[in-house]
Amino acid sequence: MGATEMSFEGNVTRSTRGGGLVVVANRLPVRWDDDSGQWVTSPGGLVSALSPVLQSRRGVWVGWPGVAGGSPDAFEVDGISQVPVPLTESEIDLFYEGFCNGTVWPLYHDAIRPVELHRHWWRPYVEVNRRFAEVVAATAEPSDSIWVQDYQLQLVPGMLRSMGLSNRIGFFLHIPFPPVEIFGRLPWREEILEGLLGADVVGFQTHRSLVNFGRCARSFTAATGPAETLSFGTRTITTETVPISIDSAKYVEEASAAVARAAATELRSELGNPESIILGVDRLDYTKGIDQRLRAFETLLADRPDLRGRVVMIQVAVPSRQNVGEYQVIREEIERIVGRINGAYGGSGWVPVHYYYRSLERTELIAHYLAADVMLVTPLRDGMNLVAKEYVAARTDDTGTLVLSEFAGAAEELKGATIVNPYDVDELADVLGASIDADASEQRSAMRMLRRRVERWDVHRWASHCLESIEGVGDAVL
Ligand code: GDG
């Protein structure tokens, strides 16, 4: 995370509050830019979806500003009031890297890595959630709707109720909610569930997560009733499946530009004009199945000597959570496999795996989507996976194959993709080989169907649906 202590002076303009909507997320949608000496908006789907809503309602975003230590008073960027919640270095260590990413993250992703349970991580989680709740309580007007985001802030809705707030409150979980057998391990399961049950509406990426939540709520709290409308005390909590999406029109526009097409052609030629380019783009996270995917490519090269020299795999691994031990372990493992494949099969100008441990500029990312004949999105568990949707949106000529893990939330929605079990390396290798050989007309009809879905259900539809539900005026998801 590389957070440094920083003091905030000057550059702060106090905002005037209107009313309407308070978004609460671990991070503010802005970051401090040392070069320009001002706050700049961080790009991202959630920010682009919520910005117009927040601007028109003069809404507020409550979150951590991204650097440890003191934080400024509320300030405004691009017409949105930013209300910072300060975190100390020790809280970043114990709350964020500890409880959020060492306990909740692995637990909610099927416990595919050991789940660390420490009381000295739980207490800071409670304290930081309380600080967020206090800031929200001091900021929200009685008529405001409050929308809390994600696994870092699960206690906030319940805390707001304990403080006596009667506002409409929504919560959206971006990651999976695990089955009762896994969630039940958590010593603080009741507290977390009661935190979430403070909301009026809880949104999930998949139906599976919604069902898991209903079962857990009935098993570990006094909640009763069907998962979709739980009764808890005197209140009713509605849950829904609302898959998050991307700014599809923006992707289509950027991918259609001549400059993007030219960059893709150039990329292909730099790689020696291979017959097929296989692409993976992920944060470097053990949930993303990067190691299994590389093993599948290795198996393919062993089984199919005819493909050697003709196909290239690009894996973009964006550095993430580098202070968490399991992330260092998975990075070493991935780099070992890349070295093994290139050492065994590479030669005479052909490099089988091009591995980047860095993030790409957005224009480069789009050029990669355009150049890739096969996109491998093979997480072992994933809330949704936006990369899958971005690839689909970028394929405006309807070519290309999306190979998608059945364990990604996106698989519930993108049924026309080539669905795989990422744990089955041999199957994955076979599917990869078949995708390389695939008939272009078959690919076209599958991709057209996927594109229709991604264009119709975009992040703006997602956000307006969620907000209408929170405000009690929602209708059905498409
Ligand atoms: C969590 C959940 C859920 C990636 N590499 C580069 C780059 N990216 C961008 C992608 C995409 C985003 O990062 C990654 O989003 P994902 O959805 O794939 O994954 P998580 O970060 O794990 O997100 C996930 C999501 O929240 C939303 O609810 O879907 O399940 O785990 O937008 O484009 N962007 C640039 N260069 C890169 O190299 N510019």
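Please find, among 469, 435, 405, the residue that is touching a residue at least 12 places away in the same chain (Cβ under 8 Å) and either within 16 Å of the ligand (Cβ to nearest atom) or hydrophobic (A, V, I, L, M, F, W, C) (or both). Spell out the reasoning first.
Working: 469 fails: either within 16 Å of the ligand (Cβ to nearest atom) or hydrophobic (A, V, I, L, M, F, W, C) (or both); 435 fails: either within 16 Å of the ligand (Cβ to nearest atom) or hydrophobic (A, V, I, L, M, F, W, C) (or both).
After ruling out the rest, the residue left standing is 405.
Kindly indicate which of 361, 332 is out of contact with any helix residue (DSSP H, G or I) (no Cβ under 7 Å at 6 or more places or on another chain), under 26 Å from residue 111 (Cα atoms) and either of a type in the set (D, E, K, R) or not assigned by TED's automatic domain parsing to the domain that holds residue 103 (or both). Explain how you work it out, then say what you get.
Details: 361 fails: under 26 Å from residue 111 (Cα atoms).
On inspection, the qualifying residue turns out to be 332.
Listed by position, the strands (runs of 3 or more DSSP E) contained in the stretch 55-115 that have at least 3 residues being surrounded by 20 or more Cβ atoms within 10 Å (Cβ to Cβ) and not basic (Lys, Arg) are 60-64, 80-84.
For the stretch 177-195, does any single residue satisfy the condition of being within 16 Å of the ligand (Cβ to nearest atom) and either at pLDDT 95 or above or not charged (D, E, K, R) (or both)? Can you show your working first?
Step one: list which residues in the stretch 177-195 are within 16 Å of the ligand (Cβ to nearest atom), which gives 177-178.
Those left that are additionally either at pLDDT 95 or above or not charged (D, E, K, R) (or both): 177-178.
Yes.
For residue 360, the conditions (1) touching a Ser or Thr at 6+ places or on another chain (Cβ under 7 Å); (2) within 16 Å of the ligand (Cβ to nearest atom); (3) open to solvent by 10 Å² or more (accessible area, probe 1.4 Å) are fulfilled apart from (1). Taking the stretch 360-373 as the range and being over 17 Å from residue 319 (Cβ atoms) and more than 19 Å from the chain's Cα centre (by Cα) as the test, the residues that pass are 363, 367, 368, 370, 371, 372, 373. For the stretch 284-323, the set of residues classified as over 22 Å from the mean Cα position of the chain (by Cα), part of a loop (DSSP other than H, G, I, E, B) and farther than 24 Å from residue 421 by Cβ consists of 308, 309, 310, listed by residue number.
Would you please name the residue that is farthest from residue 95 (Cα to Cα), looking only at residues in the stretch 322-356 that are within 16 Å of the ligand (Cβ to nearest atom) and open to solvent by 40 Å² or more (accessible area, probe 1.4 Å)? Among residues in the stretch 322-356 that are within 16 Å of the ligand (Cβ to nearest atom) and open to solvent by 40 Å² or more (accessible area, probe 1.4 Å), the one farthest from residue 95 (Cα to Cα) is 354. Residues that are of a type in the set (Phe, Trp, Tyr) and open to solvent by 20 Å² or more (accessible area, probe 1.4 Å) within the stretch 363-412 comprise just one, 407.
In the stretch 242-257, which residues are out of contact with any Asp or Glu (no Cβ under 8 Å at 6 or more places or on another chain), touching a residue at least 24 places away in the same chain (Cβ under 8 Å) and not in a loop (DSSP other than H, G, I, E, B)? Can you show your working first?
At the first step, the residues of the stretch 242-257 found to be out of contact with any Asp or Glu (no Cβ under 8 Å at 6 or more places or on another chain) are 242, 244, 250, 253-257.
Adding the requirement that they be touching a residue at least 24 places away in the same chain (Cβ under 8 Å) leaves 242, 244, 250, 254-256.
Residues satisfying the conditions are 250, 254, 255, 256.
Picking from 229, 221, which residue would you name as being open to solvent by 40 Å² or more (accessible area, probe 1.4 Å) and polar (S, T, N, Q)? On inspection, the qualifying residue turns out to be 229.
Conditions (1) within 22 Å of residue 209 (Cβ to Cβ); (2) open to solvent by 50 Å² or more (accessible area, probe 1.4 Å), marked per residue:
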residue: 120; (1), (2): no, yes
residue: 123; (1), (2): no, yes
residue: 128; (1), (2): no, no
residue: 135; (1), (2): no, no
residue: 142; (1), (2): no, yes
residue: 147; (1), (2): yes, no
residue: 152; (1), (2): yes, no
residue: 158; (1), (2): yes, no
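Here are the criteria: (1) open to solvent by 40 Å² or more (accessible area, probe 1.4 Å); (2) under 17 Å from residue 25 (Cα atoms); (3) of a type in the set (Ser, Thr, Tyr). Tell me which single one residue 162 does not satisfy. Answer for residue 162: the failing condition is (2). Within the span defined as the stretch 324-338, one or more residues are assigned to a helix (DSSP H, G or I), farther than 20 Å from residue 426 by Cα and β-branched (Val, Ile, Thr).
Considering the stretch 150-240, the qualifying helices (runs of 4 or more DSSP H), each wholly inside and each with 2 or more residues that are in contact (Cβ under 8 Å) with a residue 24 or more places away in the chain and of a type in the set (Val, Ile, Thr), run over 180-183.
Could you check the stretch 335-359 and list, in sequence order, the residues that are modelled with pLDDT under 95 and over 16 Å from residue 312 (Cβ atoms)?
Matches in the stretch 335-359: 359 only.
Might you let me know whether the stretch 374-395 holds any residue that is over 22 Å from the mean Cα position of the chain (by Cα), closer than 14 Å to residue 294 by Cβ and more than 10 Å from the ligand (Cβ to nearest atom)? No, every residue in the stretch 374-395 fails to be over 22 Å from the mean Cα position of the chain (by Cα), closer than 14 Å to residue 294 by Cβ and more than 10 Å from the ligand (Cβ to nearest atom).
Can you tell me how many residues in the stretch 35-82 are in contact with a helix residue (DSSP H, G or I) (Cβ under 9 Å, 6 or more places away or on another chain) and either within 16 Å of the ligand (Cβ to nearest atom) or among the basic types (Lys, Arg) (or both)? Don't jump to the end; show me each part of the working.
Step one: list which residues in the stretch 35-82 are in contact with a helix residue (DSSP H, G or I) (Cβ under 9 Å, 6 or more places away or on another chain), which gives 41, 43, 45-46, 48-50, 52-53, 59-64, 68-69, 74, 78-81.
Applying the additional criterion that residues be either within 16 Å of the ligand (Cβ to nearest atom) or among the basic types (Lys, Arg) (or both) yields 41, 43, 45-46, 48-50, 63.
Of the residues in that region, 8 qualify.
Restricting the search to strands (runs of 3 or more DSSP E) fully inside the stretch 355-444 and requiring at least 2 residues that are farther than 29 Å from residue 212 by Cα gives 374-377.
The values are calculated or read from the model by the stated rules, or taken from the named source; none is laboratory data. The model shown is predicted, which means the values in this text are computed figures rather than measured ones. Counting neighbours? That spans all protein chains shown, and the Cβs are built from the backbone with ideal geometry, glycine included. All accessible areas refer to the heavy atoms of the entire protein, side chains included, with ligands and DNA or RNA removed. Shrake-Rupley method; radii C 1.70, N 1.55, O 1.52, S 1.80 Å.
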